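Q: I'd like to ask some things about the structure below.
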Amino acid sequence: MRIAFIIILIFLKWNCFGQIFKSNQFKPFPVSEFNGDQWNQSPPYNKSFAVAIVKGGLQISKNQAPEGFKQVQLNTGTFLAMDLGEWGGALYYLPNDTSKRKFLVNGESQDVNSNFPMIGVPKIPSISRFYKKKLLRVLYGNISDFTPYSDSTFLIAEGNLPTDINNKAPGALYKLFVKSDGFNYSKIADIHDSSGKIATYKDFIFSTTFQGFYSVNNGKVEMLFDNLFWKWLNPNSIVAINEHHIYVGMYGGYAEIDAVKKRLIFYKYKAE
């Protein structure tokens, strides 16, 4: 049975996009000249930029979303994806019907009995309603992204940051299916680096990782870039207009990627 539901993405402060910027406020910057020691200095590496597709084109804005949380609201409840780094994380579900205390997760009955993990969580008004509620833990792990894929289907990116910035920690991508009585999820790809943000175009899934960029097509995983500069700049968003125009928002500016030609250009903000 198909399930009709309304999806509302809530990027924490209910609006992760602030001031809008024009493309001429950025300039190409040679990645080879990037110095990791610059990332936490100002300007422009103290300013984070988010990307989105608006009316078929790229929109660049000030990123206002706190790191580590993402809400997706259905008409039956709300998913909360959490990535708390060393404190762990999970994908939780808060049903609107508080009398419903059991769901099937991959065919097994699970109780709605998990407490919100307050350790390591900053006080954020937009998720305060979860603090004292009992939640269903759908999947354990640091969930770096959670996004709609198709009708009743979502994509999950999971991964842990390495203990050493020069090393890698494994990640994975999952598909989650929403059913009338619960949820089924399955792994669709192993990523040999901590998974970050994900976007789709046709049958392709594009994923940032801690140090690289990957594509997944019908289960085939391809690493397009490795040892990237952005491990210092914390990518926060990704959109794909097509295979030639993929954009990643981060501290200091944004990147444009051509997955076919395997070309990456970093556009650095022209500091005021």
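Q: For the chain, with only Lys/Arg (+1) and Asp/Glu (-1) charged at the beta-carbon, what is the dipole magnitude about the Cα centre, in debye rounded to 20? The partial results should precede the final answer.
A: Details: 30 positive and 22 negative charges, 169 e Å.
Here the size comes out at about 820 debye.
Q: Enter the per residue convex hull volume of the stretch 112-180, computed from alpha-carbon coordinates, in Å³ rounded to the nearest integer.
A: On the way: hull volume 9.1 nm³, N = 69.
Taking only Cα atoms, the stretch 112-180 has a hull volume of 132 Å³ per residue.
Q: Also, I was wondering about something else. Please identify every one of the trypsin sites (Lys or Arg not before Pro) in the stretch 102-161 that sits in a loop by DSSP and has no more than 13 other beta carbons within 10 Å of its own beta carbon. Don't skip to the end; give the middle numbers.
A: Working: sites: LYS102, LYS123, ARG129, LYS132, LYS133, LYS134, ARG137; in loops: LYS123, LYS132, LYS133, LYS134.
Filter output for the stretch 102-161: LYS123, LYS132.
Q: Also: On the first, second and third principal axes, largest extent first, how far apart are the outermost C-alpha atoms of the stretch 90-140 in Å?
A: Its Cα atoms span 34, 23, 14 Å along the three principal axes.
Q: Which of the residue pairs LYS187/LYS220; LYS47/LYS270; LYS62/LYS168; LYS70/LYS231; LYS220/LYS262; LYS132/LYS179 have a Cα-Cα distance greater than 19 Å in the structure shown?
A: LYS62/LYS168; LYS70/LYS231; LYS132/LYS179
Q: What is the order of ASP145, ASP83, ASP258, ASP181, fewest Cβ neighbours within 10 Å to most?
A: Working: ASP145 22, ASP83 25, ASP258 15, ASP181 9.
In order of increasing Cβ crowding within 10 Å: ASP181, ASP258, ASP145, ASP83.
Q: How large are Rg and Dmax for the stretch 58-196 when calculated on the C-alpha trace, in angstrom?
A: Considering the stretch 58-196 through its Cα atoms, Rg and Dmax are 15.3, 48 Å.
Q: If eta is 1.567 mPa s and T is 4 °C, what Stokes-Einstein diffusion coefficient results for the stretch 8-269, Kirkwood Rh from Cα pairs, in µm²/s?
A: Values: Rh = 19.0 Å.
Estimated diffusion coefficient is 68 µm²/s.
Q: Under 19 Å between alpha carbons, and skipping anything fewer than 8 positions from LYS261 in its own chain: which aspartates and glutamates qualify?
A: ASP203, GLU222, ASP226, GLU243
Q: Here's something else I'd like to know. Apply 1/(1 + (r/R0)^6) to the Cβ-Cβ distance of LYS100 and LYS187, taking R0 = 30 Å, and write down the FRET efficiency to the nearest 0.05.
A: Details: r = 27 Å, r/R0 = 0.90.
Efficiency, from the Cβ-Cβ distance: 0.65.
Bear in mind that the values in this text are calculations on the coordinates, not laboratory data. Fair warning: this is a prediction, and the values are worked out from it, not measured in the lab. Note: ideal-geometry Cβ built from the backbone for every residue, glycine included; neighbour counts use all protein chains shown.
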